[in-house]
Amino acid sequence: MSGEEILPKMLDAVVVGAGFSGLYMLHRLREQGLSVKVVEAGDDVGGTWYWNRYPGARCDIESMQYSYSFSEELQQEWKWPEVFSCQPEILRYINHVADKFDLRKDIQFGTRVTAAIFDETQSCWEMHTSRGDKLVAKFCIMAIGCFSSPRIPQIKGLDRFNGKYYQTSRWPHENICFTGRRVAVIGTGSSGIQLIPVIAEQADHVFVCQRTPNFSIPAHNGPLQPEYEQWWKSNYAEYRRQALETPFAIKVKHETSTSLVAATPEERQAELEKSWQIGGLEFLIYFHDLLFNKESNDIAAEFVRNKIRETVKKSEVADALIPQTYPLGTKRLCVDSNYFQTFNRDNVTLVDLRNGSIDEITPTGIRIKEKIYEVDDIVFATGFDAMTGPLLEIDIRGRSNKSIRDKWAEGPRTYLGLMIADFPNLFIVAGPGSPSVLTNMTVAIEQHVDWITECLKYLSKNHYHTIEPQVEAENNWVLHVNEIANLTLLPLANSWYVGANIVGKPRVFMPYIGGFNLYAKKCQDIVNNDYEGFTCTKALIESYDKIVAENHC
Ligand code: N01
């Protein structure tokens, strides 16, 4: 033996993650006859919907739209019980998709990719995993989601807590019963707002520890009416197409051109009431300028504040629950079922952390200044290192061993949120710099996966071995993403959109707010212009084809 390392057989692609994006990516690439392996940290498919199984977890996009559109058979056969699906139902759907398209056979579960290193001599990616094995592939596709890097704040004393503590995004698989227990919930973002009403129905007492109050709009969820389902299914492809032409990739029920600023007080009230009754995220979309016009936003925000005042009986509690420090929708708008009503229950106490943050977790509770709240359980609904966190957790190295952690030290830099200069053949699904979290994610995912699939076909047809963005194109895109964000009110809030929830994270507005429709057109224009802004190269060494042929599986 020469002692030379024996490399594993070269795959066409490794896809990291088996959530909505990874599964569809696998399906599309296999259709092209490519050899693909998916590596997934969880023990089963589902991504976000596998991990976030806390009570009350639910999607805030209607089920008829938060689902794949690529298979007419699939979208016709699947029956959603509710307008907004709960986590177990979405997971059941994802499992059905995995079975229907026979996806599991190419997925390695329970394995985390820890490093991805680009080998310039062979133009391939070497991926190292938590199991100590190595995979080699021509293309690496990061389908790891925007919320797979959860955070628990470092609070003194947690290790000495005698009770149990949970994290919404790492919820145990077995049923957790809070009956008879005193529970502290820390965090009132989307997860906390969904969880609190459900836990309050079981627990002896719930202490809601709120650092920043959030705007939340009622979902008005309920059983999916057969007529509504039939209406969608009778013309599914067309309605999906209509969604593609919108900025949020959502087909909305109503929109109005009424300007809240120009309208009379009566007109304002009537329109706002109408949009409140529609509910959910559509409240933000109903008026076209809420994210751009502060005056308009102030009017809508005050309407929501009044709804909180009307709902919450104790005025001091209502006051503490009312957001005052940032415009409506500039922190991710929450969608709830009975959130504010929950504070009228005798067994719910709002702990306003603006009067003092949590100093310590004692063996039996939570201490804020001199006051100790005695609890049996603590639930952390404290969010994620969103968008960049999952990618930066992996030691990704491109040309000249350049690290993504160094490259993104001042914030993420991508071209279209899809690729990174100096990191050839590395694709990101719904990465920073793409609309992703500001849209219906399933649509954003399908658009990215389709774009990547077409790109790989193009490379193959033209005998290219690598593709990567040009630095200038990437710089211009980063500039554009920032400029567009600065035209809106969104950068004003201390949100995870700008990384404000993570100490030391550069303050950069990460997703692209220019609108899904315009973004998708831009992606297509780039393709039509022969992949404008990208550089494609042929084999670096003459024997490349031979090496690939010898090692290919
Ligand atoms: O996380 P978050 P999330 N002490 O970051 C608080 C998607 N999602 O899991 O605002 C006390 O929004 C923190 O306070 P503050 C959706 O895109 C979707 O709830 O930073 N509190 C905040 O209240 C969503 O936006 C769905 O001051 C602390 C909370 O924890 C995204 O995921 C459902 C703290 C974190 O809220 C993230 O939502 C769920 C500390 N030390 C999630 N540290 C749907 O589809 C943090 N907080 C509906």
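Looking only at segment 398-422, which residues have a backbone nitrogen under 20 Å from a spot 7 Å from the Cα of N462 in the C-beta direction? Taking a point 7 Å out along Cα→Cβ of N462, the residues of segment 398-422 whose backbone N falls under 20 Å are 415-422.
For the chain, give the share of DSSP beta bridges that are antiparallel, in percent and rounded to the nearest 5; count only bridges with both residues there. Percent antiparallel among DSSP bridges in the chain is about 40.
A straight chain from E73 to D159 at 0.36 nm per residue would run longer than the Cα-Cα distance by 25.9 nm.
Rounded to the nearest 0.05, what FRET efficiency do W231 and K274 have when you use their Cβ-Cβ distance and R0 = 22 Å? Approximately 0.65, to the nearest 0.05.
Using packing as a proxy for protection, rank 74-80, 165-171 so that the peptide with the highest average count of other Cβ atoms within 10 Å comes first.
165-171, 74-80
Per-residue Karplus couplings for segment 27-38, computed as 6.51 cos²θ - 1.76 cosθ + 1.60 with θ equal to phi - 60°, are listed in order as 4, 5, 6, 5, 4, 7, x, 8, 8, 9, 10, 9 Hz, Gly and Pro entered as x. The residues of the chain expose, per residue, 42 Å² of accessible area to a 1.4 Å probe.
Within the straight-line cut-off of under 18 Å between alpha carbons, the aspartates and glutamates reachable from K9 are D106, D119, E120, E126, D133, D545, E550, sequence neighbours fewer than 8 places apart in one chain being disregarded. Short to long, the 10 Å bins of the Cα pair-distance histogram for segment 158-380 hold 7, 28, 30, 22, 11, 2, 0 percent of all pairs. Once you reduce segment 93-161 and segment 24-76 to the center of their Cα atoms, the two points are 15 Å from each other. Close amide H contacts of F427 (hydrogens built in the peptide plane, cut-off under 5 Å, sequence separation of 5 or more or a different chain): C140, I141, M142. Across segment 447-507, counting alpha-carbon atoms alone, Rg and Dmax equal 17.0, 47 Å. Per-residue packing, averaged as other Cβ atoms within 10 Å, sorts the ranges 58-68, 88-98 into the order 58-68, 88-98, beginning with the highest.
Highest mean packing comes first when the peptides 491-499, 521-529 are listed by Cβ atoms within 10 Å, giving 491-499, 521-529.
Based on Cβ point charges of +1 for Lys and Arg and -1 for Asp and Glu, what charge dipole magnitude is obtained for the chain about its Cα centre, in debye rounded to the nearest 20?
With only Lys, Arg, Asp and Glu charged at Cβ, the dipole is about 920 debye.
Under a 5 Å amide H cut-off, with hydrogens placed 1.01 Å from N, I368 pairs with D359, Y373 among residues at least 5 apart or on other chains. By accessible area, using a 1.4 Å probe on protein heavy atoms only, the chain has 49% of its surface on carbon and sulfur. Exceeding 22 Å between C-alpha atoms, which entries from my cross-link table qualify? They are K313/K369; K457/K522; K274/K307; K307/K371. Exceeds cut-off: K313/K369; K307/K371.
Converting phi to 3J(HN,Hα) with the Karplus coefficients 6.51, -1.76 and 1.60 and the offset θ = phi - 60°, segment 40-52 yields 10, 5, x, 8, 7, 6, x, x, 3, 7, 7, 7, 8 Hz in sequence order, with x at every glycine or proline. Amide H contacts under 5 Å for T212: T188, restricted to partners 5 or more places along the chain or on a different chain, H placed in the peptide plane at 1.01 Å from N. Backbone phi angles across segment 160-167, fed through the Karplus curve with coefficients 6.51, -1.76 and 1.60 (θ = phi - 60°), yield HN-Hα couplings of 9, 5, 7, x, 9, 10, 10, 10 Hz in residue order; Gly and Pro are listed as x. Between A500 and N528, what's the calculated FRET efficiency when r is the beta-carbon distance and R0 is 41 Å? Round to 0.05. The calculated FRET efficiency here is 0.60. Size descriptor for segment 362-494, Kirkwood hydrodynamic radius: 17.7 Å (Cα pairs only, one decimal). Both the radius of gyration and Dmax for the chain are 24.2, 86 Å, in that order, over alpha-carbon atoms. Relative contact order of the chain: 20 percent, from C-alpha pairs under 8 Å at least 6 residues apart in sequence.
A simple spin-label model places pseudo-atoms 7 Å from Cα toward Cβ; at E267 and D44 they are separated by 5.3 nm.
The values are calculated or read from the model by the stated rules, or taken from the named source; none is laboratory data. Being a predicted model, the structure only gives us computed values, none of them experimental. Cβ atoms come from the backbone with ideal geometry, glycine included; neighbour counts cover every protein chain shown. Note: areas computed on protein heavy atoms with side chains; ligands, DNA, RNA excluded. Shrake-Rupley method; radii C 1.70, N 1.55, O 1.52, S 1.80 Å.
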